[in-house]
Structures are given as C-alpha cells and as structure tokens.
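The structure appears below as structure tokens.
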Amino acid sequence: MAVEDEVRQASDRFYGALNQMLSRGDVGPVKAVWSQGQTGSTMHPTGGRQVGRDEILAEWEQAGPAFSDGRATADDLVVIPLAEDVAYTIGIERFEGKVAGETLRGEWRDTNIYKREDGGWKMVHHHTDASPELIELLRRLQP
C-alpha cells in the first residue's frame with residue numbers, strides 16, 4: 001500500500017477516535033492512535049499548546065468530559081509524505097457538538113503529523129487554528 005493511502009487510513013482512525021471522545025467523552029481511543037514516544041505536540045482550537053506525551057494526554061483527559069453529541073470531520077485532506085516513515089496532512093477540520101452542554105459549530109485549518117511506529121502510523125502532532133468562539137465559551141465556564 002502507498003504511504004499516502006496508509007496515512008489517509010491513519011487520519012481516518014484519528015478522526016474516528018476523536019469522534020468517540022467528542023460524542024461521549026471517551027478519551028481511550030485517542031490515546032490509542034497517539035505515538036507511544038515522548039516527542040509530540042498539540043495546538044487545539046481551545047488555544048495553548050502541549051509538548052510531550054504526558055502533557056498531550058493530560059490535555060485530552062481534561063477536554064474529553066466537556067464534550068458530548070459531537071462530531072469532527074477532516075475535509076479537503078491533502079497528504080504530504082516526507083519519508084517512508086513520516087508524513088503530514090493538511091485540511092479543514094469541521095466540528096459540531098456540545099461543549100459543557102452548549103451547542104457549538106466550528107471550522108478551522110488543521111495540520112496533523114504522523115510517523116510509522118510499531119508497524120502502523122501514529123499521530124505525533126495535531127494543530128488547528130484557535131477558535132475564538134470555543135475559547136470564549138470555555139472562559140465563561142470557568143469559575
């Protein structure tokens with residue numbers, strides 16, 4: 001199978017896992033598609049950044065329970081292979097769902113980096129534009 005096809009499948013697995021978190025708060029599948037190594041990073045639409053596996057997983061754990069009835073899609077996906085074991089995707093991430101019970105829709109550019117690890121592709125970086133609406137909603141919800 002071509003690297004591009006393998007990475008598209010890895011992207012499908014990531015968004016499938018993300019949708020389990022967004023629909024019912026289950027973070028386990030997101031952890032499963034993430035690299036087991038300590039390198040990696042995220043920059044979510046909630047703002048901020050996380051570097052290293054521990055920070056990344058802690059952020060997913062904190063965010064997961066706030067979401068319900070949600071769904072994200074990766075549209076206009078382009079796969080750019082860098083080597084046989086590293087590739088990235090760019091596209092548009094669309095979201096609709098509830099955040100702490102409030103309905104929210106969003107659309108932002110995204111970049112995801114994958115590396116081949118233990119015979120499969122794992123995510124090492126997830127980056128979207130910041131979402132002012134989501135950041136404001138979360139700010140209002142803080143005590």
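The values are calculated or read from the model by the stated rules, or taken from the named source; none is laboratory data. Given the structure is predicted, the values throughout are model-derived calculations rather than measurements. Here the Cβ positions follow ideal geometry from the backbone for every residue, glycine too, while neighbour counts run over all protein chains shown.
Within the stretch 115-137, the set of residues being out of contact with any His (no Cβ under 9 Å at 6 or more places or on another chain) and buried (at least 19 other Cβ atoms within 10 Å of the Cβ) comprises K115, W121, K122, M123, V124. The residues of the stretch 1-37 that are under 14 Å from the mean Cα position of the chain (by Cα), aliphatic (A, V, I, L, M) and part of a helix (DSSP H, G or I), listed by number, are A10, A17, L18, M21, L22, V30, A32, V33.
Kindly indicate whether G97 is of a type outside the set (F, W, Y), touching a helix residue (DSSP H, G or I) at 6+ places or on another chain (Cβ under 6 Å) and surrounded by 16 or more Cβ atoms within 10 Å (Cβ to Cβ). Yes, satisfied. Look at the stretch 67-94 and say how many of its residues are aliphatic (A, V, I, L, M), surrounded by fewer than 18 Cβ atoms within 10 Å (Cβ to Cβ) and under 17 Å from A2 (Cα atoms). Looking only at that region, the number is 5.
Of the residues making up the stretch 88-113, those that are touching a residue at least 24 places away in the same chain (Cβ under 8 Å) and either of a type in the set (D, E) or outside any strand (DSSP E or B) (or both) are E93, E96, A100, G101, E102, D110. When you scan the stretch 116-134, do you find a residue that is within 19 Å of L18 (Cα to Cα), without any contact (Cβ under 8 Å) to a residue 40 or more places away in the chain and in contact with a Gly (Cβ under 8 Å, 6 or more places away or on another chain), even just one? The answer is no, given that none of the residues of the stretch 116-134 is within 19 Å of L18 (Cα to Cα), without any contact (Cβ under 8 Å) to a residue 40 or more places away in the chain and in contact with a Gly (Cβ under 8 Å, 6 or more places away or on another chain).
What do you reckon, is V33 crowded, with 19+ Cβ neighbours inside 10 Å, in contact with a Lys or Arg (Cβ under 7 Å, 6 or more places away or on another chain) and within 16 Å of G91 (Cα to Cα)? It is false that V33 is crowded, with 19+ Cβ neighbours inside 10 Å, in contact with a Lys or Arg (Cβ under 7 Å, 6 or more places away or on another chain) and within 16 Å of G91 (Cα to Cα).
Filter the stretch 38-87 for residues that are in a loop (DSSP other than H, G, I, E, B), touching a helix residue (DSSP H, G or I) at 6+ places or on another chain (Cβ under 6 Å), touching a residue at least 24 places away in the same chain (Cβ under 8 Å) and within 24 Å of G28 (Cβ to Cβ) and give the result. Residues satisfying the conditions are G40, P45, T46. Being at pLDDT 95 or above and closer than 21 Å to S131 by Cα holds for only one residue in M43, M21, and it is M43.
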